[in-house]
Amino acid sequence: MTGKLKEIICLAGGEWLVSFTTRVNPVNMFYRLQNAEVDVDIKKVSRRRTKTANDFCWAMCTDIGNALTPPIPKEEVYREAIKAVGKFETMHMRAEAVDMFREIWSQRGVGWQTAVIDYSDIPGCKIVFAYYGSSTYNTEEMSRLISYLKQDMENMELPIPISKEEEERLLAQWGKASCRTTEDATSAGG
């Protein structure tokens, strides 16, 4: 979840109250964790990849999907690449909550997917791997995804849609690009 820090207050008991704003609805998380001790990790948002890098990724997914027999949709190629090299969270989750979590998680975009393992050492729980879509990737993570897709194209003897120089230019741009908006991330399907 991303947001902006807004206010900090020192309470009479010596505790600190820190508030922030976000566009992600935190209501369910708040009520689920309201009285629990939680781990909070606050850091500056890293810069995201450019629209051009996103286009390059989808062009490779399209070419790979079209070259297969039978052809498969670019979205399926993308999802498999995300599972192969993407970032994910591993969670133990109550079995009855898994289906709802999977549905909500997948609504964030094409790459936001889950894998479930029925076995967990916690009774009544399953293990859920929740993969993030590439709309959240930083330069290094997006570079790993593109390298994976390029390797697939090379293995299939498909031409890479851009030159090595253009690819290097895209990589250099990632560090200079401004953060993507929520609307951009949603429209990109990442």
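What three numbers, in Å, describe the spread of the alpha carbons of the stretch 2-127 along their principal axes, ordered from the longest?
Reported extents, whole Å, longest axis first: 67, 42, 20.
Grab the other residues whose beta carbon is less than 15 angstrom from that of residue 154, score K and R as +1, D and E as -1, and report the net.
Net charge around residue 154: -2.
Label-point separation (nm) for residue 67 and residue 23, each offset 7 Å from Cα along Cα-to-Cβ?
Each label point lies 7 Å from its Cα, and together they span 3.6 nm.
For the pairs 43/83; 87/164; 4/126, flag any whose C-alpha to C-alpha distance is greater than 32 Å.
4/126
Would you mind checking the tilt of helix 74-85 against the longest principal axis of the Cα atoms of the chain, expressed as 0 to 90 degrees and rounded to 10?
60
Taking R0 as 30 Å, what FRET efficiency do you get between residue 76 and residue 52 from their Cβ-Cβ distance, rounded to the nearest 0.05?
Step by step, r from the Cβ atoms, then E = 0.85.
How big is the C-alpha Rg of the stretch 120-174 next to the rule-of-thumb value 2.2 N^0.38 Å, as a ratio?
Taking the Cα Rg and dividing by 2.2 N^0.38 Å, one obtains 1.68.
When the Cα centres of the stretch 15-36 and the stretch 68-93 are compared, how far apart do they sit, in Å?
30
Helix 164-174 versus the longest principal axis of the chain: what is the Cα-based angle in degrees, 0 to 90, to the nearest 10?
That helix lies at roughly 20 degrees to the long axis.
How much length, in nm to one decimal, is gained on full extension between residue 157 and residue 104, taken as 0.36 nm per residue of separation minus their Cα-Cα distance?
Value of the extension gain: 15.3 nm.
Gain in length, residue 117 to residue 38, computed as 0.36 nm per residue apart minus the alpha-carbon separation, to one decimal in nm?
So the chain would gain 26.0 nm between residue 117 and residue 38.
Apply 1/(1 + (r/R0)^6) to the Cβ-Cβ distance of residue 10 and residue 95, taking R0 = 35 Å, and write down the FRET efficiency to the nearest 0.05.
Approximately 0.25, to the nearest 0.05.
Could you order the peptides 89-99, 105-115, 13-23 from most to least packed, using the average number of other C-beta atoms within 10 Å per residue?
105-115, 89-99, 13-23
A short reminder: the numbers here are calculations on the coordinates, not readings from a lab. None of the values given here were measured: they were computed from a predicted structure. Heads up, the Cβs are rebuilt from the backbone with ideal geometry, glycines too, and the neighbour counts pull from every protein chain shown.
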